[in-house]
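The values are calculated or read from the model by the stated rules, or taken from the named source; none is laboratory data. All values derive from a computational prediction rather than experimental measurement. Quick reminder, even Gly has a Cβ in these numbers, built from the backbone with ideal geometry, and neighbours come from all protein chains shown.
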Amino acid sequence: MAAAVPWAVASIAGADLEVTTGGWTMDVGLPLVLGAALGMSLAGWGLLILLWRRTGDARRTWTGIALAVLLLSLGGPLTADAPAETRVYLTLMHVAVGAVLIPGLWVAAGQGARSARKTNSRPGRSGASRTSVTR
């Protein structure tokens, strides 16, 4: 949804959101904008879950990767064969998604980690068997 705001402003302003990349022209419509934002959100969430299961510091690792991906994604709109106005709106869409997604998943990861610590600290939740062996 965050990317829809700059897209709506661009549409109201009458900006031509058409981009040519590699000889291929693309109209940047709302379905494309929302689909791309959703796809990146799901990819970010999936990576965060994977890192959370495999590393000790998933939040910090994920945040670094997410910021790097955001910076790399800016290369598309900044180098697109389009008017400056269009490049500005496309860049704002990328930044808007990152500005919502990165802090949102960072907070969610912290809440998930706290919840997991509480679950694992309850008696009988350590992963060890409750049965005892007597000799």
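Please list, ordered by first then second residue, the pairs with beta carbon atoms under 6 Å, 6 or more apart or interchain, first in the stretch 53-67 and over 12 Å from Ile102 (Cβ atoms), second among the aromatic types (Phe, Trp, Tyr) and surrounded by 10 or more Cβ atoms within 10 Å (Cβ to Cβ).
Note: pairs meeting the criteria are Ala58/Trp52.
Spot the failing condition for Ala8; the list is (1) assigned to a helix (DSSP H, G or I); (2) under 26 Å from Trp62 (Cβ atoms); (3) small (Gly, Ala, Ser), and only one is missed.
If we test Ala8 against (1) assigned to a helix (DSSP H, G or I); (2) under 26 Å from Trp62 (Cβ atoms); (3) small (Gly, Ala, Ser), just (2) comes out false.
Kindly list the number of the only condition in (1) surrounded by 16 or more Cβ atoms within 10 Å (Cβ to Cβ); (2) among the polar types (S, T, N, Q); (3) without any contact (Cβ under 8 Å) to a residue 60 or more places away in the chain that fails for Ser41.
(3)
Just to be sure, is Thr131 among the polar types (S, T, N, Q) and either surrounded by fewer than 16 Cβ atoms within 10 Å (Cβ to Cβ) or at pLDDT 95 or above (or both)?
Criteria met by Thr131.
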